[in-house]
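All of the numbers you see were taken from the coordinates with simple rules; none came from a lab. Model, not experiment: these values are computed from the prediction. Cβ atoms come from the backbone with ideal geometry, glycine included; neighbour counts cover every protein chain shown.
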Amino acid sequence: MSFIHNLADVAPCEIGDGTKIWQFVVILKGAKIGKNCNVCAHTLIEGDVVIGDNVTVKSGVYIWEGTRIEDDVFLGPNATLTNDLMPRSKKYPDSFSGIILKKGSSVGANATILPGVTIGRYAMVGAGAVVTKNVPDYAIVVGNPAKIIRYSQE
């Protein structure tokens, strides 16, 4: 059974067993969230979003249309995910360029991931990094623009 704080605003969507949704979270209709996730306060999840099992979403993260998050992913506080390659006020693309976060990847606090980027399996994005291109499996990236500094074993 999942837990949804009474101050969360959750539209009809799928939420897996054991998932916790905390106060001031907004989840739009159609979102899919797996089992044993923790979605911290002040988070937004749009409708065309799929989140796997055992995912941690820390406070201040907004997950936009088209984003796909696999199992065991960590999103640090105020990590920024984007989905519009050419944002303009009141002008919307035909489709959004979602981000893919592969199994076991981690995104540090205040990192920014640009539209259409894939973060590989067990890769780690350092705090404050700006990720402009795909990150390979097991890579550790830091900086602006993010660059690989080494590879991890997991």
Looking at Tyr92, Tyr138 in this structure, which one is over 28 Å from Gly16 (Cα atoms) and not small (Gly, Ala, Ser)?
Tyr92
So for the range 35-53 (the condition being over 9 Å from the mean Cα position of the chain (by Cα) and of a type in the set (Ser, Thr, Tyr)), does at least one residue qualify?
yes
Sole exception among (1) surrounded by fewer than 19 Cβ atoms within 10 Å (Cβ to Cβ); (2) among the aliphatic types (A, V, I, L, M); (3) under 21 Å from His5 (Cβ atoms) for Leu85, by number:
(3)
Any idea which of Tyr62, Tyr92 is among the hydroxyl-bearing types (Ser, Thr, Tyr), touching a residue at least 12 places away in the same chain (Cβ under 8 Å) and touching an Asp or Glu at 6+ places or on another chain (Cβ under 9 Å)?
Tyr62
Taking into account only those residues within the range 1-14 that are buried (at least 16 other Cβ atoms within 10 Å of the Cβ) and outside any loop (DSSP other than H, G, I, E, B), which is farthest from the chain's Cα centre (by Cα)?
Ile4
Considering each residue of the range 15-73, count those that are in a loop (DSSP other than H, G, I, E, B) and within 19 Å of Tyr92 (Cβ to Cβ), and give that number.
11
Regarding Ala79, is this residue over 11 Å from the mean Cα position of the chain (by Cα) and among the small types (Gly, Ala, Ser)?
no
